[in-house]
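Asker: Quick one: the structure is below, and I'll ask about it shortly.
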Amino acid sequence: HVLAASEATRRDLVRYYHTPLARISVVYPGLDKDLAPVSDPARLAGVRARYGLEGPYLLYVGTLQPRKNLVRLVQAYARLRSLLAGQDRPPPAPRLVLAGKKGWLYDDIVAQLRSLGLEGQVLLTGYLPASDLSALLSGALAFVYPSLYEGFGLPVLEAMACGTPVICSATSSLPEVAGEAALLVDPLEIEALAQAMLRLVEDAELRRELRARGLQQAGRFSWRRCARETLTILEEVAGTT
């Protein structure tokens, strides 16, 4: 018997490995209980100071590699800045923060930043300590995760647990994780991604709505539930129930 982390993974196992559907059960992972909204002004200010952040920012967290679709994210961010600049009274343009260690083909992301003249507007933090994650997420205007493929997509759930509005891809497992608590976009459509970011920059009420939905959605995932469902399946497979 096979345990899969999502229905999307289950489908892939059937499609690519020809595993019989009846031999696969989906058990969703849980979530770190320490991930929660941070409201302490001193803690939020400390993280901002540590990374040199002033004003609003959009946040991505994860390894910087092609599967995460970051070149398109940077292109969409450039488009967002263009859309804001074209308004009569635009809101402040947020910075884009890419938090995570360097992955393969990392240089392609840097080259895209340079070609678009965004070096001063996009912050690359490098490896992000776990101790900073909740505060950095909580302080973000929105979490943007246009990944091309995820077996589960834990960063989306982590952002929701911290009360951060989420934009993510409408592909692979991400719609399962996000439910109705995020703006879902085609990760190949740069304009759609830019428009989703623009909506959250301009619409405070939408941000509040997604925060509330995200917290509720994150509350559906726990390691206790994961352990209970895993044990039930193990017992059934072993014939002890």
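Asker: Residue-wise, which Karplus ³J(HN,Hα) couplings in Hz belong to the range 30-39, taking 6.51 cos²θ - 1.76 cosθ + 1.60, θ = phi - 60°, and x for glycine or proline?
Answerer: x, 9, 4, 5, 6, 7, 7, x, 9, 10
Asker: Keeping every protein chain present and rolling a 1.4 Å probe, give me the accessible area per residue for the chain in Å².
Answerer: 50 Å²
Asker: Once phi is turned into ³J(HN,Hα) by the Karplus curve 6.51 cos²θ - 1.76 cosθ + 1.60 with θ = phi - 60°, what whole-Hz value does each residue of the range 52-57 show in order, with x for glycine and proline?
Answerer: x, 9, 10, x, x, 8
Asker: Is there a quick way to get the dipole size of the chain? I mean about its Cα centre, with the Cβ of Lys and Arg at +1 and of Asp and Glu at -1; what is the value in debye to the nearest 20?
Answerer: Charge dipole of the chain: 240 debye, to the nearest 20.
Asker: In sequence order, what are the phi-derived ³J(HN,Hα) couplings for the range 191-199 according to the Karplus relation 6.51 cos²θ - 1.76 cosθ + 1.60 with θ = phi - 60°, rounded to whole Hz, with x for glycine and proline?
Answerer: 5, 5, 5, 5, 5, 5, 5, 4, 4
Asker: On the full set of protein chains, 1.4 Å probe, figure out the accessible area of residue 68 and give it in Å² to the nearest 10.
Answerer: That residue has around 20 Å² of solvent-accessible surface.
Asker: Residue 34 accessible area, nearest 10 Å², 1.4 Å probe?
Answerer: 120 Å²
Asker: Give me, ordered by chain and number, the residues 5 or more places off residue 166 or on other chains with an amide H under 5 Å from its own placed amide H.
Answerer: Residues meeting the criterion, in which the H sits 1.01 Å from N, are 143, 183.
Asker: Can I ask one more? Run the accessible area of the range 31-157 with a 1.4 Å probe and give the carbon-and-sulfur part as a rounded percent. Mind dumping the intermediate values first?
Answerer: Values: 3130 of 5910 Å².
Carbon and sulfur: 53 percent of the exposed surface of the range 31-157.
Asker: If exposed means no more than 11 neighbouring beta carbons inside 10 Å and the site is in a DSSP loop, what's the longest run of the chain without any exposed chymotrypsin sites (Phe, Trp or Tyr not before Pro)? Walk me through the intermediate numbers first.
Answerer: On the way: sites that count: 104, 127.
Longest run free of exposed loop sites: 128-241.
Asker: With an 8 Å Cα cut-off and a minimum separation of 6 or more residues, compute the relative contact order for the chain in percent. Kindly include the intermediate steps, with their values, before the conclusion.
Answerer: Values: 406 pairs, mean separation 57.3, N = 241.
Relative contact order for the chain comes out at 24 percent.
The values are calculated or read from the model by the stated rules, or taken from the named source; none is laboratory data. Here the structure is a predicted model, which is why all the values come from computation and not from measurement. Heads up, the Cβs are rebuilt from the backbone with ideal geometry, glycines too, and the neighbour counts pull from every protein chain shown. Surface areas here come from the heavy atoms of the whole protein model, side chains and all, with no ligands, DNA or RNA. Shrake-Rupley method; radii C 1.70, N 1.55, O 1.52, S 1.80 Å.
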